Amino acid sequence: MNKIKFVDPLVTRLEKKNLDKAFKSGWLSHGPYVKKFENKMAQVMKAKHSISVNNGTNAILLILMSLNFKRGDEIIVPSFCYVSPIHMLKLIGLVPIVVDIKLNNLQIDSDKIEKKISKKTRAILLIHNYGSVGDLKKIKEIGQKKNLFIIEDISEVLFSKQNNNYVGDCKWYNKEKIISYASLHASKTLITGEGGIIITNSKKISSKLKIIRNHGQKTQKAYFYDMLGGNFRLSNLLASIGYSQLLRLNKIIKKKKDLNNFYEKRLSKNLNFSLMEDPNNFSSIKWGFPIIFRKKQDKENIMKILNNKSTVCRPAFYGLNKLKHLKVFMNRLTLKSDFKNSEIATNNVLILPMHYKLSRDHINKICKKILDYYKKKKDL
């Protein structure tokens with residue numbers, strides 16, 4: 001059996017063929033494949049607009065720049081998430097207001113959002129951790145009541161469906177107040193190597209994003225700029241990879257579902273750990289497969305066993321309170337209790353691989369090591 005890896009991106013002859021075409025076209029930066037990729041992505045998501053960018057971090061930065069937020073405006077964020085979006089909030093002077101997660105699904109606790117909203121609150125940033133979502137119905141009600149923007153990070157939930165609609169299609173809320181984005185890093189479900197994608201149904205927002213993406217240039221008039229912007233453009237070469245992946249998306253989704261179902265079959269109903277609970281009518285396409293252990297030491301021991309010869313699994317994110325450089329945003333609205341569940345998640349969650357090259361034999365091998373650990377522990 002081949003060595004199991006946590007990340008192992010699949011590049012087929014189709015990607016190589018289109019990449020070669022992109023090279024031969026002479027368009028090595030922004031070019032025709034960008035438009036083809038964006039059009040195909042919008043078609044797949046059944047959205048009006050998709051805007052490609054050069055990475056997921058710049059996707060959220062571009063969004064924040066486009067929504068006319070002011071320095072000091074407050075954004076509701078989960079206390080447990082990948083740190084990149086939080087860095088971008090701080091970078092442009094916005095204030096992250098943390099809300100704890102629910103342990104059963106590792107998503108922001110919708111029951112705790114409203115009491116954190118103030119007159120300065122402008123948006124709720126939903127970061128859908130590890131292939132699931134929180135209570136979007138309740139979050140919609142809060143957002144509408146308080147007239148807030150909703151920004152969805154769908155990097156780890158891309159192509160998952162709820163009620164037969166793709167998460168991040170921006171149809172469940174006012175189109176002028178919702179926007180979603182995803183990283184297309186080589187570790188994700190859809191890859192361009194480095195890259196990002198933004199989804200919106202608003203022509204106004206889409207137009208502004210494209211202007212900011214191109215240094216703030218609205219017209220083709222050379223060296224004339226209309227607003228602040230930067231170079232956030234995806235290259236033609238990388239767009240050709242993303243376009244190729246979308247052409248075989250059905251195979252990617254089918255494989256991901258099979259991996260998820262097989263993990264659940266092998267690891268469900270174990271008293272030593274739990275699996276993430278998805279909402280009703282939800283079909284998950286996970287980036288990685290999370291396990292929530294009862295005991296921190298079990299997680300640490302199993303991680304050492306699995307990663308003995310190669311990196312097979314990863315620990316979870318650090319709760320934002322664990323990152324010392326971010327303590328500058330702890331303020332009057334931040335309480336120790338805001339990190340109760342994120343603290344447990346940081347200590348007790350382990351992420352197993354979910355990439356396209358993974359096989360059922362690989363999963364059997366991983367699960368056997370986890371279950372054998374508890375069997376040996378019981379026999380002691």
Task: Residue under evaluation I252, criteria (1) modelled with pLDDT of 95 or more; (2) more than 24 Å from the chain's Cα centre (by Cα), criterion not met - done: (2)
- [ ] Could you tell me whether S160 is more than 19 Å from N68 (Cβ to Cβ), surrounded by 18 or more Cβ atoms within 10 Å (Cβ to Cβ) and either among the polar types (S, T, N, Q) or in contact (Cβ under 8 Å) with a residue 40 or more places away in the chain (or both)?
- [x] yes
- [ ] Can you give me the number of residues within region 123-146 that are among the small types (G, A, S) and within 18 Å of D338 (Cα to Cα)?
- [x] 1
- [ ] List every residue pair whose Cβ atoms lie under 6 Å apart, where the two residues are 6 or more positions apart in sequence or sit on different chains, the first residue falls within region 173-187 and is within 21 Å of S202 (Cα to Cα) and modelled with pLDDT of 95 or more, and the second residue, located anywhere, is surrounded by fewer than 24 Cβ atoms within 10 Å (Cβ to Cβ) and of a type in the set (F, W, Y).
- [x] K177/F149
Open item on the list: Kindly evaluate L234 against the criterion of being part of a helix (DSSP H, G or I) and either acidic (D, E) or modelled with pLDDT of 95 or more (or both).
Closed with: no
TODO: Just one of (1) modelled with pLDDT under 95; (2) closer than 16 Å to L126 by Cβ; (3) touching a Lys or Arg at 6+ places or on another chain (Cβ under 9 Å) trips up Y82, so point out which.
DONE: (3)
Task: First in region 291-304 and touching a residue at least 40 places away in the same chain (Cβ under 8 Å) and closer than 19 Å to N341 by Cβ, second anywhere and of a type in the set (K, R) and in a strand (DSSP E or B), Cβ under 9 Å, 6 or more apart - done: none
- [ ] Please indicate, with yes or no, whether at least one residue in region 104-118 is crowded, with 21+ Cβ neighbours inside 10 Å, hydroxyl-bearing (S, T, Y) and not assigned by TED's automatic domain parsing to the domain that holds L320.
- [x] no
Open item on the list: Given the options K208, K286, K256, K218, name the one that is crowded, with 19+ Cβ neighbours inside 10 Å and in a loop (DSSP other than H, G, I, E, B).
Closed with: K286
TODO: From N301, N341, grab the single residue that is under 30 Å from K90 (Cβ atoms) and either modelled with pLDDT of 95 or more or in a helix (DSSP H, G or I) (or both).
DONE: N341
Open item on the list: Looking only at region 259-277, count every residue that is crowded, with 19+ Cβ neighbours inside 10 Å and part of a loop (DSSP other than H, G, I, E, B) and tell me the total.
Closed with: 1
Task: Residue tally, condition under 30 Å from I97 (Cβ atoms) and not charged (D, E, K, R), over region 290-324 - done: 12
Task: Residue identified as among the hydrophobic types (A, V, I, L, M, F, W, C) and under 20 Å from the mean Cα position of the chain (by Cα) among I97, I117, I92 - done: I97
Open item on the list: Cβ-Cβ distance below 7 Å, separation of 6 or more or different chains: which pairs start in region 38-53 with a residue that is in the same structural domain as N236 (by TED's automatic domain parsing) and assigned to a helix (DSSP H, G or I) and end on one that is at pLDDT 95 or above and acidic (D, E)?
Closed with: M45/D169
Open item on the list: Take the conditions in contact with a Pro (Cβ under 8 Å, 6 or more places away or on another chain) and among the aliphatic types (A, V, I, L, M) and apply them to I75. Does it pass?
Closed with: yes
- [ ] Scan region 84-122 for residues that are closer than 20 Å to S342 by Cα, in a strand (DSSP E or B) and touching an Asp or Glu at 6+ places or on another chain (Cβ under 7 Å) and jot them down.
- [x] V95, I97, V98, V99, I101
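The values are calculated or read from the model by the stated rules, or taken from the named source; none is laboratory data. As the structure is a prediction and not an experimental result, all values here were calculated from the model. For neighbour counting, all protein chains shown are included, and Cβ atoms are generated from backbone atoms with ideal geometry for every residue, glycine included.
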